Amino acid sequence: MKVLLKTLGFSFSLTLLFTFVTYLLPQVEGEAPVEKEVDLSALTMDDFISMGEELFNNKGTCTLCHKPAPLGRAPDIQGADMVALSGERLADERYQGQAKDAADYILESMLDPSRYVVATWGKKGTNDSESPMPAIDKPPIELSKIEIDAVIAYLQAKDGNEVTVSLPSAEDAASVVSAEEKTTVAATLPAPATTIEEALGKYACSSCHALESADTLVGPGLVDVGSRLSRDEIRQSIVDPNAVIAEGFPAAMPADFATKMTVRELDMIVAYLVEKK
Ligand code: HEC
Ligand code: HEC
């Protein structure tokens, strides 16, 4: 199932995303080992969420325990809205942890499962004081920080909740070690546009905007957009087009570029438009 991310209210910190990190990838089975460089700044939020779903179902082994009753040996968190459920957990008087929001709660549940044990799901004989769930950053599951964030992103996004974790930072990317993780990242990489023409074509900007004149198509002509809007305003009009609607125009610009574009594509397009004066 491909996760559909509701983009309304979607936000993630772009400042963390300026990664120009490359690292080595294992080759496809059967091929002679050749070094291949992969750019982590080519990961979009959609890819990251798919990666989380993949980890949840496979390497993370979450579905060994977390599945629908009566088979489940743990709460069915894929069948529940984990963000809404987190709110209930935090409001429970038995809750003694440190979490302040859903992302924290999900993280804490993964790293320190006994911190709060969902009623009736504790180890037998411990009166719900000890969880049977293993800490998933430790062997044998041993998810990395990037992988854990991807799982959180998936659990938030699958019910249309805002994703609050960030895409991997440069430091996180540098710490990528496991072969499985590299494979998961590689499997989800899109083909990023490498030139401004490719980028504008890939996202069909010119179907709605005249780029070399002030003519109105669906949206305003962009020939002088750099003199009308600041760099930040241009960036915002792409990643969050409904924040400010250009006067006299319908709110017809697609609102999901933020989840589709790679950081580099967005930078390239913004840099190109800023120069249009
Ligand atoms: C060996 C079984 C087992 C595995 C594997 C497991 N869990 Fe759990 N998990 C549990 C049980 C049992 C609970 C309920 C008791 C508790 O609160 O710790 C739980 C609770 C949770 C909760 C809190 C649920 C709530 O309703 O508040 C989250 C979130 C969670 N697990 C996530 C995960 C993720 C993500 C993975 C995979 C990376 C995973 N678990 C793997 C057994 C497991
Ligand atoms: C389906 C049509 C459509 C597509 C595709 C589209 N836009 Fe737009 N765009 C609009 C409309 C309509 C507006 C005016 C309403 C608004 O501000 O949201 C707009 C507004 C803008 C603005 C603000 C212009 C101003 O003068 O305030 C910028 C910048 C922009 N778009 C850039 C882009 C870029 C870059 C792409 C491709 C990545 C793109 N648009 C794709 C329809 C579109």
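The values are calculated or read from the model by the stated rules, or taken from the named source; none is laboratory data. Predicted model, so just to flag it, every value in this text is computed and none were measured. All Cβ positions, glycine included, derive from the backbone under ideal geometry; neighbour counts span all protein chains shown. Side chains included, ligands, DNA and RNA excluded: accessible areas come from the protein's heavy atoms. Shrake-Rupley method; radii C 1.70, N 1.55, O 1.52, S 1.80 Å.
For region 196-274, give the magnitude of the charge dipole about the Cα centre (Cβ charges: +1 Lys/Arg, -1 Asp/Glu; no others), in debye to the nearest 20.
The dipole of region 196-274 has a size of about 140 debye.
Which peptide among 55-63, 221-229, 145-153 comes first, and what is the full order, when sorted by highest mean count of other Cβ atoms within 10 Å?
145-153, 55-63, 221-229
Just to verify a number: FRET efficiency for D104 and I196, C-beta to C-beta distance, R0 = 41 Å, to 0.05?
0.55
Count the net charge of all other residues whose Cβ sits under 14 Å from the Cβ of Y95, scoring Lys and Arg as +1 and Asp and Glu as -1.
Residues near Y95 contribute -4 overall.
Based on the Cβ-Cβ distance from Q236 to Q96, what FRET efficiency comes out when R0 is 45 Å, to the nearest 0.05?
0.65
Taking a 27 Å limit on the Cα-Cα distance, which of the listed pairs K67/K123; K59/K202; K100/K145; K59/K158 fall beyond it?
Beyond 27 Å: K59/K202.
In debye to the nearest 20, how big a dipole does region 39-85 give about its Cα centre with +1 on each Lys and Arg Cβ and -1 on each Asp and Glu Cβ?
The calculation lands at about 380 debye.
Just report the Cα centroid separation between region 218-243 and region 118-138, whole Å.
Taking the Cα centre of each part, region 218-243 and region 118-138 sit 52 Å apart.
As a test question: what accessible area, to the nearest 10 Å², does M261 have when a 1.4 Å probe is rolled over all protein chains in place?
20 Å²
How far, in nm, would the chain grow between S207 and A119 when pulled straight, counting 0.36 nm per residue and subtracting the alpha carbon separation?
Gain on stretching S207 to A119: 26.2 nm.
Would you kindly find the accessible area of K202, with a 1.4 Å probe and non-protein molecules such as ligands, DNA and RNA excluded, rounding to the nearest 10 Å²?
K202 has an accessible surface of roughly 90 Å² with all protein chains in place.
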